[in-house]
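Step one of this worksheet: look at the structure below.
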Amino acid sequence: MTDTSDTGGAPRRPRSAAVRWLETAELVAGVALLAVMFSLMLIQALQRHLHVAGWVWTGELARLGLVWLTFSLAGYLLGRDDHITLKLIDFAPQVWLRRGAWVLANLVVAAVCAAFVVEAAELVFGGSPQSTPAIGIPMTWVYVIPLAGLALTAARAAVNAFQAGPANPEGRIAADADAGETGR
């Protein structure tokens, strides 16, 4: 059974319970970060119009929240194939060409994210004495969420490379399309 609830009729690959739980956790974290960012920006706007002393840390935390939101939802979007892509290859008539591009793209994303994870780990575990100017959060703490987000994105891309490919323009998943072509 394939999930078509939020894809406009195009089927999605079946996902295990652990992956669904991870997706839910990523989505809840993203919604929470978005709510925090909205609240902080609203506080900033109110401070400007009410002529009260401003809290400088609200802007700093909102900017950090945007960065954290980006990295925390990257794996979620990649795992569900909801990220921004150029889908020209999806219209290729050969299933093997679509599948090859899908595998190659996911392997490249996994390799790049893995390299970023190594660099982020150096920032997190490097013991930098720096801290954010307004709040005073140690910079090593600031880099933890990008590290986790990049690690999840690398894992999702590696898993995507070896699972069924994306839905083709006819709405069939690439593995289903292969089975249909071999049956002719």
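Among the conditions (1) outside any helix (DSSP H, G or I); (2) at pLDDT 90 or above; (3) in contact with a helix residue (DSSP H, G or I) (Cβ under 6 Å, 6 or more places away or on another chain), the only one that G165 does not satisfy is (2). Here are the criteria: (1) modelled with pLDDT of 90 or more; (2) among the hydrophobic types (A, V, I, L, M, F, W, C); (3) within 20 Å of E23 (Cβ to Cβ). Tell me which single one F116 does not satisfy. Unmet condition: (3).
Residue-wise test of (1) modelled with pLDDT of 85 or more; (2) crowded, with 18+ Cβ neighbours inside 10 Å; (3) among the small types (G, A, S).
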position	(1), (2), (3)
T4	no, no, no
P11	no, no, no
P14	no, no, no
E23	yes, no, no
S72	yes, yes, yes
A92	no, no, yes
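Scanning the range 124-148 for residues that are assigned to a helix (DSSP H, G or I) and under 20 Å from L33 (Cβ atoms) yields a count of 10. Contact map, the range 72-93: first residue farther than 19 Å from A158 by Cβ, second residue charged (D, E, K, R), Cβ cut-off under 8 Å, separation 6 or more or different chains; pairs are I89/R98; D90/R98; A92/R98. Do you know which of the residues in the range 51-65 that are exposed (fewer than 14 other Cβ atoms within 10 Å of the Cβ) and among the aliphatic types (A, V, I, L, M) is nearest to L40 (Cα to Cα)? Residue satisfying both the conditions and the ranking: V56.
The values are calculated or read from the model by the stated rules, or taken from the named source; none is laboratory data. These figures come from a predicted structure and were not determined experimentally. Note that we place each Cβ from the backbone using ideal geometry, even for glycine, and neighbour counts take in every protein chain shown.
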